[in-house]
Amino acid sequence: MAEEIAEYSIDRLDNGFSIIKLPAYGDSLIASIWVKSGSANEHEKHGIFHFIEHMFFKGTKSRTAVDIAKEIEGLGGYSNAFTSKEYTAYYIKSLGEFGNRTTEILSDMFFNSVFESQEIERERQVIKEEISMINDDPSSLIYDLFFENILNGGPLAHPIAGTHESVSAIKRGDFIETIKSFYTPNNCFALFVGDLSHINWHEVEQRFLNWKNNSEIKPVEYASYKAGIFKHKKELNQVNFILGLPAFKKDDRRRYAFSLLNSILGGSMSSRLFQEIREKRGLVYSIYSSYAGFARNGVFYVSGGTNRANFDKTVELVREELSKIKRDGINKEELERAKLYFKGTFLISMENKESLMQRAAAGYIYHGAIEPAGSVVKKIESISINQINDLANEIFDDNKINITALGNFGDLK
């Protein structure tokens, strides 16, 4: 069923809004609306995009928050939303036969949320609890600290949820101003994934056709990377750490080779980091590598946790594995296993409509198109050992390493 992603179509309305239709096997449908802006577009009001995301579920001109929840669940569906550094998404999943009602509810939330004062204050407290939860969870907090450090305090560096102080300062007018500035037809699109057979597309178009807003949105600035070692003190049994390096932007053609390099280094249970540091030495429970890509830059990172006494040793072993790949390269067996692992996990993920939705939306946001699954697999299969070794030599620069650590560092105040 993965090849069905090739059948997508895009209808662009006169006001600049796009409606993307992606049929997929099964009885369910996901109706979603995406905003191509997120926390990186914030200046002083950090956390406001995430706050708006919460408020869209808190009542419209014709529905209370309880009405919204009951109506969606009455269709056998559920709703969700999320905010990232560069985009925001709202979606409802239901049976395809309820596609028209689902779309009406979603568009009502999107266009007619009222931001009632009591609901704002109630949700402000909810978000503060969410921030406290993140701050109490070292495996979550370490990411906020890492991005703040390596991206040098720039637009992409700020925590998506904001801080207690920034969320406390947000007023009702800030919601209205942010929506006016960033929620524009040219900066948003709708994406429908699943059973599309019951939808009245003329009605869908009418919901968005008369939307007018020509606000110009400035691109997010490039990140200024910062190397170094940054230790943050917190009374914990483990030291959570992330070792990161500058990488390339989201739409770079080398992203496929990097997916294989990442799998070989730390993206799987057979990876070098997992086998060397966890299986052979027992120094960690969790260790893996990954990539965070943005429109104009990106970050490669290795994340792990170990006890305080083994922290320096564990970090040194990570650096040694990076050096080994640079010095000796990868071998044919590793490459073939990584290709099969990528193909399997990728195609299996395409059987999940939420994964299909996220991949399709990211493709449209960063590449302007949704690449067929078969095309992705062919590109992966064509990657050579030399391409991966060249990439490792370029990215794994020991002089650019940022190490952010959170733990019981007794020498820190």
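The values are calculated or read from the model by the stated rules, or taken from the named source; none is laboratory data. Because the structure is a prediction, the values reported are computed rather than measured. Note that each Cβ is placed from the backbone with ideal geometry, even for glycine, and that neighbours are counted across all protein chains shown.
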Would you confirm whether or not region 198-209 contains a residue that is modelled with pLDDT of 95 or more, under 30 Å from residue 37 (Cα atoms) and in a loop (DSSP other than H, G, I, E, B)? yes
Going residue by residue through region 163-177, is there one that turns out to be within 30 Å of residue 245 (Cβ to Cβ) and touching a helix residue (DSSP H, G or I) at 6+ places or on another chain (Cβ under 9 Å)? yes
Pick out, from region 27-145, the strands (runs of 3 or more DSSP E) lying fully within it that include 3 or more residues that are of a type outside the set (Asp, Glu) and free of Cβ contacts under 8 Å to residues at least 60 places away in the same chain. 78-83
Considering residues of region 148-158 that are in contact with a strand residue (DSSP E or B) (Cβ under 8 Å, 6 or more places away or on another chain) and of a type in the set (A, V, I, L, M) only, the residue surrounded by the fewest Cβ atoms within 10 Å (Cβ to Cβ): 151
Look at residue 19 and say whether it is assigned to a strand (DSSP E or B) and closer than 30 Å to residue 159 by Cα. no
Restricting attention to region 203-223, does a residue exist that is under 24 Å from the mean Cα position of the chain (by Cα), within 30 Å of residue 314 (Cβ to Cβ) and not assigned by TED's automatic domain parsing to the domain that holds residue 12? yes
Boolean, residue 168 is of a type in the set (S, T, N, Q), outside any helix (DSSP H, G or I), over 18 Å from the mean Cα position of the chain (by Cα) and surrounded by fewer than 17 Cβ atoms within 10 Å (Cβ to Cβ): no
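Per-residue answers, yes or no, for (1) in contact with a helix residue (DSSP H, G or I) (Cβ under 6 Å, 6 or more places away or on another chain); (2) surrounded by 15 or more Cβ atoms within 10 Å (Cβ to Cβ):
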site	(1), (2)
160	yes, yes
190	no, yes
208	no, yes
213	no, yes
217	yes, no
237	no, no
If we ask which residues in region 264-275 are farther than 13 Å from residue 395 by Cβ, part of a helix (DSSP H, G or I) and touching a strand residue (DSSP E or B) at 6+ places or on another chain (Cβ under 9 Å), their number turns out to be 2
Among the residues that make up region 78-99, is at least one of them touching a His at 6+ places or on another chain (Cβ under 6 Å), of a type in the set (Ser, Thr, Tyr), under 30 Å from residue 147 (Cα atoms) and at pLDDT 95 or above? yes
Just to be sure, is residue 365 free of Cβ contacts under 8 Å to residues at least 60 places away in the same chain, under 22 Å from the mean Cα position of the chain (by Cα), within 30 Å of residue 28 (Cβ to Cβ) and in a helix (DSSP H, G or I)? no
